[in-house]
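Q: Here's a structure for you.
Each value in this text was obtained by applying a stated rule to the coordinates, not by laboratory testing. This is a predicted model, so every value here is computed, not measured. For neighbour counting, all protein chains shown are included, and Cβ atoms are generated from backbone atoms with ideal geometry for every residue, glycine included.
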């Protein structure tokens, strides 16, 4: 199993529009990509913890994929390409990803 964490920092005035883009993308990924086990865009919840990082402009996407090949295939899907094109003008910086496997 592969875990992917995508950090998507959008311009402050674009958060709602960016989340709308994810509302379109997520069903296409979950329906059309059997290798995707989870695809969850998230936003920060303020818990008031002294060590908590918060960013009102950050969407952190937590993904789980059966294999690395499934994730690579996702990147080439037409709905992924259309999503990236829609998101580009909304971004404050480029999307970064962390790809991981279980450490245990």
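Q: Among the residues of the stretch 87-99, count how many are exposed (fewer than 15 other Cβ atoms within 10 Å of the Cβ) and farther than 17 Å from residue 62 by Cβ.
A: Residues meeting the conditions: 5.
Q: Would you confirm whether or not the stretch 31-50 contains a residue that is exposed (fewer than 12 other Cβ atoms within 10 Å of the Cβ) and either touching a helix residue (DSSP H, G or I) at 6+ places or on another chain (Cβ under 6 Å) or at positive phi (or both)?
A: Yes, there is a match, as at least one residue in the stretch 31-50 is exposed (fewer than 12 other Cβ atoms within 10 Å of the Cβ) and either touching a helix residue (DSSP H, G or I) at 6+ places or on another chain (Cβ under 6 Å) or at positive phi (or both).
Q: Report yes if residue 79 is within 21 Å of residue 1 (Cβ to Cβ) and surrounded by 14 or more Cβ atoms within 10 Å (Cβ to Cβ), otherwise no.
A: When the stated conditions are applied, residue 79 does not pass them.
Q: Also: Look at residue 103 and say whether it is surrounded by fewer than 16 Cβ atoms within 10 Å (Cβ to Cβ) and either on the phi < 0 side of the Ramachandran plot or in contact with a helix residue (DSSP H, G or I) (Cβ under 7 Å, 6 or more places away or on another chain) (or both).
A: It is true that residue 103 is surrounded by fewer than 16 Cβ atoms within 10 Å (Cβ to Cβ) and either on the phi < 0 side of the Ramachandran plot or in contact with a helix residue (DSSP H, G or I) (Cβ under 7 Å, 6 or more places away or on another chain) (or both).
Q: Given (1) out of contact with any strand residue (DSSP E or B) (no Cβ under 7 Å at 6 or more places or on another chain); (2) closer than 13 Å to residue 9 by Cβ; (3) surrounded by 10 or more Cβ atoms within 10 Å (Cβ to Cβ), where does residue 84 come up short, assuming only one miss?
A: So the condition that residue 84 fails would be (2).
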